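Here's the structure, in structure tokens; my notes come after.
The values are calculated or read from the model by the stated rules, or taken from the named source; none is laboratory data. It should be emphasised that the depicted structure is a prediction, and the values quoted were computed from it without experimental measurement. For neighbour counting, all protein chains shown are included, and Cβ atoms are generated from backbone atoms with ideal geometry for every residue, glycine included.
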Amino acid sequence: MVKVKICGITRLSDAILASELGASAIGFVFWEGSPRAIGTAQAAAIVSEIPADVAVIGVFVNPSEEWVGDVITDVGLTGVQFHGDETTEFCERVSRRIRVIRAVSVKSTVDVENAIRLPQVFTLLLDGVDAARRGGTGRTVDWVGAKAVAGRRRTFLAGGLDPENVERAIKTVRPYGIDASSRLEISPGVKDHEQVRLFFAAVDRVYG
């Protein structure tokens, strides 16, 4: 069954609901430029209240390696996701300490080829990468390109997933995991619990 990551968490109630419905991971955004940004103390408090088997992913945009290390320790992250212009060498250094998810675009054949060639130690996340917003745009990606990558690499599919399209997305792309955020919200960082429930129900239908 596909893994489900709910990202942009800022509230304990949203994290608990995602966990109860079967989320494999939750994501916290540690980038001040995001409307879903969260502080380390707030994130750590949420982590202390959710099941230990739910992965905790920190999302970063062009951070220092020291800052990433501090957040890993302070929050108790089990993985990090890089959504900026971080170099492959930077990501590889961090991967020696913790699981790394690398956000990439699949807008063209070249993008697909470049994604496939990235070091195997990275899990890939395919998103509508935006130079200003760095994710959370609500725009879907090219599922044809995404399928080509997912067939070769451990891949999370992100970008505009919601209860209406996630079933088709899974069947089309067949990713290792899916990542949802903005289309499950009332406002940035505040999840709509009814939409979250409908989302998981749609995922379950794929395997039901």
>> Out of the residues in segment 4-44 meeting the condition of being more than 17 Å from the chain's Cα centre (by Cα) and among the polar types (S, T, N, Q), tell me which one is surrounded by the most Cβ atoms within 10 Å (Cβ to Cβ).
In response: Thr40
>> I need every pair where a residue in segment 93-119 that is touching a residue at least 24 places away in the same chain (Cβ under 8 Å) has its Cβ under 6 Å from the Cβ of a residue that is of a type in the set (Asp, Glu) and in a loop (DSSP other than H, G, I, E, B), sequence separation at least 6 or different chains.
In response: Ala103/Asp127; Val106/Asp142
>> Here is a check on your reading of the model: is Ala180 within 16 Å of the chain's Cα centre (by Cα) and either at pLDDT 95 or above or on the phi < 0 side of the Ramachandran plot (or both)?
In response: yes
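Yes or no, residue by residue, for (1) of a type in the set (A, V, I, L, M); (2) modelled with pLDDT of 95 or more:
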{"site": "Val54", "(1), (2)": "yes, yes"}
{"site": "Val61", "(1), (2)": "yes, yes"}
{"site": "Gly69", "(1), (2)": "no, yes"}
{"site": "His83", "(1), (2)": "no, no"}
{"site": "Phe122", "(1), (2)": "no, yes"}
{"site": "Leu126", "(1), (2)": "yes, yes"}
{"site": "Lys147", "(1), (2)": "no, yes"}
>> From the list Val61, Val71, Val80, Val54, exactly one residue is touching a residue at least 40 places away in the same chain (Cβ under 8 Å), touching a helix residue (DSSP H, G or I) at 6+ places or on another chain (Cβ under 7 Å) and under 22 Å from Leu124 (Cα atoms). Which is it?
In response: Val71
> How many residues are acidic (Asp, Glu) and within 19 Å of Ser34 (Cβ to Cβ) when one looks only at segment 46-77?
Replying inline: 2
>> Based on this model, can you work out whether Val166 counts as within 17 Å of the chain's Cα centre (by Cα) and at pLDDT 95 or above?
In response: yes
